[in-house]
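The values are calculated or read from the model by the stated rules, or taken from the named source; none is laboratory data. Predicted model only: the values in this text are computed from it and were never measured. Please note: Cβ atoms are built from the backbone with ideal geometry, for glycine as well, and neighbour counts cover all protein chains shown.
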Amino acid sequence: MSQILFRNLNLLDPRWNEPRGGYEVLVEGDTIKEVSARPIKTAKARIVDCGKRTLMPGLIDCHVHVFLVEVNIRNLENVPLTLLTARAADLMKGMIDRGFTTVRDTGGADWGIKTAVESGLIPGPRLFISGRAIGPTGGHSDSRRRTDQGAPCNCCNAMVYCMAIADGADEVRKLVREQMRQGADQIKIMCSGGVASPYDPLDSLQFSEAEIAAATDEARNFGRYV
């Protein structure tokens with residue numbers, strides 16, 4: 001297994017108040033094998049001189065949307081799935097370049113984009129996905145115009161991955177099960193208003209206690225959380 005030895009660096013450990021010099025870090029494959037304040041002896045490692053730059057653990061972002069590539073969410077209706085994937089790949093590369101190695105996607109990313117990253121097809125951080133964010137009619141996950149009637153058809157545009165509407169505990173339960181079937185690591189539900197939805201006040205209460213309980217019960221049954 002290939003080894004990389006990082007030398008001449010300042011090490012940032014979250015337990016310390018500031019970076020410390022004089023450390024070396026040996027990485028074998030995808031595992032940090034050794035961190036030492038003394039020279040690490042190895043015959044087969046590729047040596048990287050860090051030039052006294054700072055080496056630190058990867059950052060974690062607990063709230064991202066790799067598929068929400070438009071500020072105005074309704075514009076996603078005009079984004080084909082192929083373009084969505086390309087733009088998401090560019091967004092995730094930016095995350096890696098900024099030092100984020102793990103992110104929790106809270107609505108949008110699916111098992112396909114997660115698998116692409118894990119397989120090395122797309123550079124990006126480790127993804128924990130929620131699938132589609134679930135909310136009630138007229139709530140934060142309902143992007144329809146006032147003139148729209150019935151359920152929207154988003155099967156061929158970027159909206160298909162982002163949000164889903166459920167009313168009543170049974171519908172919530174079914175949608176949670178569907179996200180689990182699709183490989184969700186956690187579930188995102190919309191319990192109140194949001195800035196990206198046009199018609200619901202920020203302080204509005206949306207899901208009932210029974211609907212929230214249905215979501216948390218089903219997630220718990222799968223060993224996941226909401």
Residue by residue through the stretch 192-226, note down the ones that are closer than 29 Å to Thr115 by Cα and either aromatic (Phe, Trp, Tyr) or modelled with pLDDT under 95 (or both).
-> Ala196, Phe222, Tyr225
Answer residue from the stretch 132-151, given it is more than 21 Å from Asn75 (Cβ to Cβ) and crowded, with 22+ Cβ neighbours inside 10 Å and is modelled with the lowest pLDDT among those | Pro136
With Leu55, Leu127, Leu121, Leu84 as the choices, which residue is more than 30 Å from Glu18 (Cα to Cα), crowded, with 16+ Cβ neighbours inside 10 Å and not small (Gly, Ala, Ser)?
-> Leu84
In the stretch 29-53, anything within 26 Å of the chain's Cα centre (by Cα) and part of a strand (DSSP E or B) is listed as Thr31, Ile32
Return the residue satisfying two criteria in turn: it lies in the stretch 173-226 and is farther than 17 Å from Thr106 by Cα and touching a helix residue (DSSP H, G or I) at 6+ places or on another chain (Cβ under 6 Å), and of such residues it is surrounded by the fewest Cβ atoms within 10 Å (Cβ to Cβ).
-> Ala210
Examine the stretch 5-28 for a residue that is in a loop (DSSP other than H, G, I, E, B), small (Gly, Ala, Ser) and in contact with a strand residue (DSSP E or B) (Cβ under 8 Å, 6 or more places away or on another chain), and state whether such a residue exists.
-> no
